[in-house]
Amino acid sequence: MTARIQPRRLRGAAALLSAVAVLTALSGCSVVDGLTSNDDPSETPSASPSASETPYESEFTRDGTFQSHIEIDGVDYVYTLYPTKATPRTNEWFPKGNKYFTFTFQAYDLDRDIRDPFKTKREVYLDRIKVTSTVKTSTGTNDERPYELNAIAKEITFDPEPLSTKRGMLITSPKGAFELRNQTIKPTAEDTIGIDLTFTATVYTERRAGSGTFERKTIKQRVPIAIFPSDQATEAQDIPVDAN
């Protein structure tokens, strides 16, 4: 369901995201650092292998980050993932050992400019966030689940006091963003070549700015991650890790 956003619509929030995405790929910095708070991304770019060396095609592994734009009815829903300082080099993610990542989720009203008054933008609330995992091996798919999440967003987001209503937490830029840090992908079978994470967000999107009427939507995104063969375990740096 990922959609390409045309240049004429990138004058506002999406234009900012595109620029930040480039910097993110080069620096490993969080795409929402300026919108939430300082995160715990990799200090250096991932030493990504060439396509021929990658056992499983993965934008996350190749670029050291992943960002998707899912446009529905003029609202851009944006997932961003990146490795943390604990395991910053994505080409050193092996079957053994824990691997750590952070992800964010935010919405942008593309019908308005980034500097337009917030009251002119449609509000989007994130109710529940769910993540499932599938392990790909050299012989197929096994039944391991190295990462699972199913929670009320406002109860686990990094911000201890998110703007919330009965519909969930506000994720409309620039006043709201969901962020979950230092998530743990557990060890898997020795012949693992990749792990698919599937993100599913339940959101309530305002039909028209200021109308107070909302439509329930499900925003889903699959993120492939390459896992490299090795007898060694993924080496995690000794830093505090919050594995919620």
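See the values below:
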{"read-out": "Pairs of lysines in segment 75-164 (C-alpha under 28 Å apart; 8 or more residues apart or interchain)", "value": "14"}
{"read-out": "For segment 125-244, average projected area of the Cα convex hull in nm²", "value": "9.2"}
{"read-out": "Hull-based mean projected area of segment 80-192, where the convex hull spans the alpha carbons, in square nanometres", "value": "9.1"}
{"read-out": "Neighbour-limited loop hits for trypsin sites (Lys or Arg not before Pro), segment 182-242 (at most 15 other Cβ within 10 Å; DSSP other than H, G, I, E, B)", "value": "Arg207, Arg208"}
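Bear in mind that the values in this text are calculations on the coordinates, not laboratory data. Values in this document were obtained by computation on a predicted structure and should not be read as measured data. Because the Cβ atoms are built from the backbone with ideal geometry, glycine has one as well, and the counts that use them run over all protein chains shown.
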